[in-house]
Each structure stands twice: as C-alpha cells, then as structure tokens.
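The values are calculated or read from the model by the stated rules, or taken from the named source; none is laboratory data. Just so it is clear, the structure is predicted and the values come from calculations on it, not from any experiment. FYI the Cβ positions are ideal-geometry reconstructions off the backbone, even for glycines, and counts take in every protein chain you see.
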Amino acid sequence: MNSADDSKQRKTIPIVPEPSGSADEVMVSLYAASKKIYPRSVEGIFAYWRWIFVVLTQLIFYGLPWIEWGTRQAVLFDLASRRFYIFGLVLYPQDFIYLTGLLVISALALFLFTAVAGRLWCGYACPQTVYSEIFLWIERKIEGDRSARMRLDDADFSLEKLVKKWYKHFIWIFLSIWTGFTFVGYFTPIRELVMEFFLTQMSSWELFWVFFYAFATYGNAGFMREQVCKYMCPYARFQSAMFDNDTLIVTYDAERGEPRGPRAKSADVAALNLGACVDCTLCVQVCPTGIDIRDGLQYECIGCGACADVCDTVMDKLGYAKGLVRYSTQNALDNKWTPQQIWQRVMRPKVQIYTMILVAVTLGLLVSLGLRTPFKVDVVRDRSTLSRITESGTLENVYRLQIMNAAEVPRTYHLSVNGLPNLKITTQTDVTVEAAQARWVVLSAEIPYGSADSGSHKIQFEVQAIGSDDFVIEKSVFIVPR
C-alpha cells in the first residue's frame with residue numbers, strides 16, 4: 001500500500017457493531033493508530049530557504065551566549081540579581097513594560113505573516129520544525145533515506161541495526177544535552193557554567209533545567225515531531241481565523257492536475273484524458289506531517305513547501321510546466337490571476353492595518369528605549385519610624401530610596417526634595433552607585449516645627465546624575481502629626 005493510501009487509512013474511524021443490545025446500536029472507536037512517518041529528502045528553493053533559517057537560528061541560539069560585552073556576557077538574564085543584560089542595555093523588573101511591548105510586537109508579527117502567507121513561522125523558523133529538520137538530517141546520514149529507514153525498522157534484530165540505532169540516538173542525546181546546556185547559559189554565565197560542569201559543581205536547579213530542556217528537545221524532535229504540530233500546538237487550531245481567500249498557502253492546482261494518473265514520459269496526455277499529476281505520491285512522501293496536499297488545505301499543513309519542491313522536480317523530468325503545487329491563494333486559483341495580481345491582493349487593507357500597527361508599536365518601543373533614563377528610583381516612606389520632633393526643634397520624616405544604576409559605569413547622584421516651605425534633606429545628599437548595581441539609601445527630610453498644617457503633604461524627591469542631564473522625580477508624602 002502506498003503512502004497516500006496510508007494517509008487515508010489513518011483518518012478512518014472504524015465503526016464496530018455492539019456485541020450485545022439493540023441492533024441499531026453501534027460502538028464508535030475514537031482512536032485510530034497512526035503509523036510512523038518517514039519524510040523523504042527533498043531539494044529545491046523552499047528546502048534551501050528552510051536550511052538557511054536552520055543555520056541562522058542555530059548560529060544565534062548557540063553562539064549568542066558566548067559573545068562578550070565589555071567584562072560580561074552580552075545577553076544574560078540574571079534572575080538571581082534580577083537584572084537582564086542585552087548588549088548595552090540593562091533592564092530591571094521595573095522595566096516589565098518593555099517585555100510587554102516585545103510580546104505585543106511578536107503577536108502582531110504573527111498575525112501579519114499569517115494573513116500574508118499562512119504558517120511561515122511553522123514551516124521555516126519554529127524550534128519544533130528546526131530541530132526536527134536537524135534530527136531528520138542526522139537520521140538520514142546514519143540510516144539512509146526514506147526506503148532505507150523503512151527497511152531497517154522492519155528488519156529483524158541484527159548488529160547493523162543495533163549499531164545504527166545506538167549511533168543515531170547517541171548523537172541525538174549529545175545534541176539535546178548541548179541544547180539544554182546552552183539554554184541554561186542564558187540564565188547563568190555560560191563560561192562559569194562550563195567550569196562548574198568540569199568541576200562537578202553545577203547546582204541542582206542548573207542540572208534540572210539542562211536535562212529537562214534536553215529531554216524536551218530529544219522527545220519532541222526525535223520522536224513526536226508531527227504529533228506536536230498536529231495535536232499539541234494551539235496555533236494549528238486557530239490559524240484559520242487569520243486566513244482568507246487572499247492568503248498565500250501551499251495549494252494544488254486541481255484544474256490542471258486532474259484527472260491524475262501514471263503515464264509514460266512520451267505519452268499523449270490529451271489522448272489519455274489525464275491531467276499533469278502523475279499520482280507518484282512523492283508530495284505525500286516528503287511531507288513532514290504526512291498529509292496529501294491534493295486533498296486541499298488542511299490544518300496539519302505547516303506551509304514548508306516541501307511538496308512544491310518535489311512536484312517541480314517531477315514536472316521538470318516530464319517536461320511539464322512547474323507550479324502544479326505552489327504558493328498561491330484561493331482567489332488566484334479560482335480567477336486564474338497572474339503573480340502581479342496576487343501580490344496586489346496580498347497587500348489588502350487588513351494587511352496594511354497590521355503593518356501600520358506593527359510599525360507604530362515597534363517605533364514606539366525603540367523611541368522609549370532611546371529616551372529611557374539610565375537609572376531608576378523607588379521611594380518608600382519608612383513606616384516603622386513615625387514623624388518626630390528632633391532635638392533642634394524640626395519635624396522629621398524618614399524615607400528609604402532605592403537607586404538602580406542601569407549604566408555600565410559607576411555614577412554619583414545628587415538628592416534634593418521640594419514641596420513644602422523650608423523642606424530639606426538633613427542626611428547624605430550625594431550617593432555613588434556601582435555599575436549596573438542598586439543601592440538603598442536611608443535619608444531624613446525635615447521642616448521647621450509648626451511651619452505646615454497637620455496631615456499628609458505631597459512632596460517630590462529629585463535625583464540628578466552628576467555630570468549628566470539625566471534626572472528622575474519621584475513623588476512621596478510628608479506626614480505632619482496633629
């Protein structure tokens with residue numbers, strides 16, 4: 001039975017008569033065992049672009065932790081000290097708004113790309129797709145292409161089978177552990193992590209996350225593969241809400257391809273009353289999720305274009321025009337549009353709105369980062385110390401200020417306060433904070449006794465970076481007792 005038949009068989013829901021009871025009752029089995037998918041290797045323009053994204057994403061992922069910025073790791077999310085270093089940018093938990101902006105940009109970008117060309121993220125840059133491609137490449141290099149892997153799995157136990165299987169899994173496990181190690185290297189300086197590893201001094205949490213991420217990579221990319229895309233990923237379920245008839249998707253030109261059927265290369269297609277499709281089922285054999293694109297758009301399709309690549313290869317061999325399976329839109333197929341007409345409709349109002357909002361939010365985030373003051377101040381009135389009259393006859397309130405220096409050099413800050421007549425700081429007014437550090441400062445503010453009515457009075461603390469125009473104003477209150 002060929003792969004196309006296998007695909008159809010997997011979708012069958014058997015109906016088995018109930019062994020007892022009414023003759024009209026039937027038992028419906030909701031489980032249909034799925035067979036392992038053996039994707040065939042493919043070459044072509046879309047396969048080429050997939051591997052570009054594989055190399056690009058992995059160079060970034062594996063290489064970024066090793067890049068240094070001054071005396072520290074360029075990208076480091078230091079959870080212990082609650083600081084996040086991204087090249088020259090130092091962020092604190094109070095900068096959570098920037099993470100929110102990044103998530104909004106990511107969501108808008110996903111909506112935009114999906115509206116334009118369907119599941120581009122899934123087909124080319126999703127970690128599940130990327131690592132599945134890498135693991136499949138390793139599997140092909142060791143066990144061979146599709147038919148060789150199928151024969152090996154069906155063969156009886158032998159030394160050759162044992163060696164190939166163990167060799168494959170050894171490389172998979174090594175790559176998975178290195179992936180987990182790199183992941184943890186974004187939260188613990190990776191050079192320190194390497195030394196801890198060789199000295200067997202890694203903490204229990206570091207070990208846990210290395211092996212947890214390694215196990216997830218090994219399981220998802222080595223075994224589950226298409227099951228993650230089909231059953232675990234929520235994107236497959238709601239993607240149709242962002243599709244319309246002008247969305248670029250991988251499509252089969254049924255009008256040109258049907259009726260399908262095998263034929264000799266020199267055969268007269270018109271005389272045989274056949275379409276361009278030779279029913280070779282190669283489009284099914286190369287599909288990483290095992291679907292038949294000739295059945296129309298299906299939620300399992302990740303838009304990788306592998307079927308388009310292999311179909312173009314077949315068309316070349318037969319001397320037919322390419323594009324029987326291609327990226328197109330439903331309206332383009334129905335109306336036989338030219339590529340120029342397709343692209344004119346791709347930039348439709350919905351896409352333009354998504355683009356404008358995405359550009360506006362991105363520019364807003366970049367401008368906010370550019371204008372961001374390189375230090376932050378939090379003021380907390382010391383509730384454990386009540387307002388009191390000092391020996392010199394003034395009324396004193398005590399405050400605690402946290403100054404967070406986001407610059408990469410030590411800075412000195414001048415503190416001042418205003419909001420009430422004759423209000424002044426009677427403790428230290430110049431504070432030095434080390435590079436990318438935070439410091440708590442206890443200070444007292446005083447006014448002459450009787451110079452203000454009883455109650456709560458709004459005041460402002462101004463923190464000025466000496467040698468710079470940067471300053472921060474923080475509000476607080478001064479309590480005058482009855």
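A compact table of results
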quantity: Single unsatisfied condition, Lys265 versus (1) of a type in the set (D, E, K, R); (2) without any contact (Cβ under 8 Å) to a residue 60 or more places away in the chain; (3) closer than 20 Å to Cys122 by Cα; calculated: (3)
quantity: All strands (runs of 3 or more DSSP E) inside segment 62-150 with 3 or more residues being touching a strand residue (DSSP E or B) at 6+ places or on another chain (Cβ under 7 Å); calculated: 75-78, 83-86
quantity: Qualifying residue in segment 378-396 (condition: modelled with pLDDT of 90 or more and acidic (Asp, Glu)); calculated: yes
quantity: Any pair with Cβ under 8 angstrom, 6 or more apart, that starts in segment 145-171 at a residue that is under 18 Å from Arg40 (Cα atoms) and ends at one that is modelled with pLDDT under 95 and among the aromatic types (Phe, Trp, Tyr); calculated: Arg146/Tyr38; Arg149/Tyr38; Met150/Tyr38
quantity: Every pair of residues 6+ apart whose Cβ atoms lie under 6 Å, when the first sits in segment 300-313 and is of a type in the set (Phe, Trp, Tyr) while the second is crowded, with 24+ Cβ neighbours inside 10 Å and not in a helix (DSSP H, G or I); calculated: none
quantity: Unique match (being outside the structural domain of Gln437 (by TED's automatic domain parsing) and either under 30 Å from Gly70 (Cα atoms) or in contact (Cβ under 8 Å) with a residue 24 or more places away in the chain (or both)) among Leu358, Leu395, Leu415, Leu401; calculated: Leu358
quantity: Tally, over segment 59-91, of residues that are over 19 Å from Thr182 (Cα atoms) and surrounded by fewer than 17 Cβ atoms within 10 Å (Cβ to Cβ); calculated: 6
quantity: Only listed residue being modelled with pLDDT under 90, surrounded by 14 or more Cβ atoms within 10 Å (Cβ to Cβ) and either within 30 Å of Tyr38 (Cα to Cα) or more than 16 Å from the chain's Cα centre (by Cα) (or both), chosen from Ala125, Ala117; calculated: Ala117
quantity: Of all residues making up segment 344-370, the number that are exposed (fewer than 12 other Cβ atoms within 10 Å of the Cβ) and modelled with pLDDT under 85; calculated: 1
quantity: Residue in segment 167-181 that is part of a helix (DSSP H, G or I), surrounded by 14 or more Cβ atoms within 10 Å (Cβ to Cβ), among the basic types (Lys, Arg) and touching a Leu at 6+ places or on another chain (Cβ under 9 Å) present; calculated: no
quantity: Considering residues of segment 220-269 that are under 22 Å from the mean Cα position of the chain (by Cα) and exposed (fewer than 14 other Cβ atoms within 10 Å of the Cβ) only, the residue farthest from Phe135 (Cα to Cα); calculated: Ala241
